[in-house]
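Let me begin by presenting the structure, written as structure tokens, before commenting on it.
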């Protein structure tokens, strides 16, 4: 019984024979259009160039066009386990945190400013929300934030 199965397996099946016949017929044939250069496209009018940018009044300035950013920080600011306080008046809340030229500055409600080395721009970016306005001058931004 196994001898007969092995003998049949040595001979090609009907499907294999049909494939071999089809392969022999197609040998040497080239598909239509193969190897022929494509015709040059006709010189149609160029599509109209559309400006896909926002209008200037809706564009946000890029980081290199902005001198700095600031955000309010009303609660006490705790850094490395210590509460930040103004070196001149001792205020410890209602800060404006300014980020400019890779430096972080704290501004108290009385207008005293001090550089804060325990905060970096990455910290500022993590804690600041999206900008709600841009201002031409530092004083305009202070008025906008209520200082």
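Tabulated values for the structure
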item	result
Residue count for segment 126-144, restricted to those that are in contact with a strand residue (DSSP E or B) (Cβ under 8 Å, 6 or more places away or on another chain) and surrounded by fewer than 14 Cβ atoms within 10 Å (Cβ to Cβ)	3
Test: residue 118 is surrounded by fewer than 14 Cβ atoms within 10 Å (Cβ to Cβ) and within 15 Å of residue 78 (Cα to Cα)	yes
Test: residue in segment 6-19 that is surrounded by 10 or more Cβ atoms within 10 Å (Cβ to Cβ), in contact with a helix residue (DSSP H, G or I) (Cβ under 9 Å, 6 or more places away or on another chain) and modelled with pLDDT of 70 or more	yes
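The values are calculated or read from the model by the stated rules, or taken from the named source; none is laboratory data. Everything numeric here is computed off the predicted structure, so don't read it as measured data. Every residue, glycine among them, receives a Cβ derived from its backbone with ideal geometry; neighbour counts consider all protein chains shown.
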